Amino acid sequence: MPEQEQSFEEMLNASFKTIHNGEVVEGTVIAVKPDEIDLNIGFKSDGIITRSEYSDDNNLDLTTVAHVDDKMEAIVIKVNDQDNMVLLSYKRLAQEKGNEKLRDAFENHEVLTGKVVRVLNGGLSVVVDEARVFVPASLVADTYVKDLHQYDGQEIQFVITEFNPRKRRIIGDRKQLLVAKKEEVQKEFFDNIHVGDIIEGTIKNVTDFGAFVDLGGVDGLLHISEMSWGHVDNPKKLYHVDDKVKVFIKNINGKKIALSCKFDDANPWNGASEKYAVGTIVSGRVARMTDFGAFIELEPGIDALLHVSQISKDHVDKPSDVLQKDQEVTAVVVELRENEHKISLSIKAMEEGNDDNADNADVDASNDKADEE
């Protein structure tokens, strides 16, 4: 029995290739609309790529990214013979290729660069060649970040620490890169600094006990006692965040750096042995008071103690009974310990001296009167 002749339609269909879901096909663009791309893929039906299967950008105009006669690859997601169309996805193919790149990076510990496309409650969603990577908030930076929105739309570098696309767990880590970079900067810094070096830094934080200074990737502490030769009550009144400050390295203990602004050429104690020799009459203001005495600022950086017992020849219970803060006083230097930066004053000694002078004057006057008689 002779074989039944094929119809024209059957012969036409036989001339086309067969395709299956998940297959990668290449086609030629035959039409482009703002929300759709049509491809001739050598099948009896044309392939269609919708906007949502091209990109995650719901506002993307496809006429700006594809043109007639362009060659494109896509993956088949559905073959619908009844409607004579084949649904394709450019995005999913790009994601598969991106995942291959992520797998290679994971296995070879490569550093990747991706764009942050979404800020989530627990971290950042980053895209690398259409493949998505999740960077947890704890791995975004080497310090706590309160608001992750500062990274939205930014390109960041990271490494893949977990790769499991089946469970949709592709984890990126930016923190370890920052830690490694900081350690490199610190090593170079400590290799090149020495005690006594003068350096300019930027105030990073101010506390009640001092200020932390950024020296260029490494922090140093400028203690309140090293901020000035004079007395500093509140560091926050003297320095503010982002202020520039010139300091010198006072001490290095491991990775701890102690800083100072008390430069020797500005030391007010230079020449103090002559200016404040015992017996010298000096004037100053009451800087602060305690129960045992008042500290008199003779000049910025030099405070002298006026002990409560030396305030007056009369009994004084506490300095605040007779003195006020910022009051100007005149006293005599009764002790100088220059090496310890300590000066003791006395008003009492001046009063007693005046009394002695007055007594001597009375005696002289009586002798003169007796001589006249």
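The values are calculated or read from the model by the stated rules, or taken from the named source; none is laboratory data. For clarity, every value in this text was computed on a predicted model and none was experimentally measured. Methodologically, a virtual Cβ is constructed for each residue, glycine included, from the backbone with ideal geometry; neighbour enumeration extends over all protein chains shown. Areas reflect the complete protein model, heavy atoms only, side chains present, ligands, DNA and RNA absent. Shrake-Rupley method; radii C 1.70, N 1.55, O 1.52, S 1.80 Å.
At-a-glance table
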item: Most to least accessible of S312, S228 (protein chains only, probe 1.4 Å); result: S228, S312
item: Given K97/K167; K182/K244; K204/K255; K313/K342, the pairs whose alpha carbons are separated by over 19 Å; result: K182/K244; K313/K342
item: Relative contact order (%) - criterion: Cα under 8 Å, at least six apart; region: region 223-287; result: 30
item: Charge sum, other residues only, whose C-beta stays under 10 Å from V119's C-beta, Lys/Arg counted +1 and Asp/Glu -1; result: -1
item: For the chain: relative contact order, % (alpha-carbon pairs under 8 angstrom, 6 or more apart); result: 8
item: Accessible area of region 16-161 belonging to carbon and sulfur atoms, whole % at 1.4 Å probe; result: 43
item: Rounded to 10°, Cα long-axis angle of helix 348-372 versus longest principal axis of the chain; result: 20
item: For D243, net neighbour charge (Lys/Arg +1, Asp/Glu -1) across residues whose Cβ lies under 13 Å away; result: +2
item: With Cα atoms, 0 to 90° folded angle of helix 90-108 axis to the chain main axis; result: 50
item: Within region 38-197: Cβ-based charge dipole about Cα centre, in debye rounded to nearest 20 (Lys, Arg +1; Asp, Glu -1); result: 620
item: C-alpha long axis of helix 175-192 to longest principal axis of the chain, angle in °; result: 40
item: Within a Gaussian network of the chain (alpha carbon springs, distance under 10 Å), most fluctuating of I257, I203, I343; result: I343
item: Heavy-atom surface of region 231-286, accessible at 1.4 Å and reported per residue (Å²); result: 63
item: Simple Cβ-charge dipole of the chain, Lys/Arg +1 and Asp/Glu -1, about Cα centre, in debye nearest 20; result: 1840
item: Average Cα contact separation per residue, region 104-249, under 8 Å, 6 or more apart, as relative contact order %; result: 18
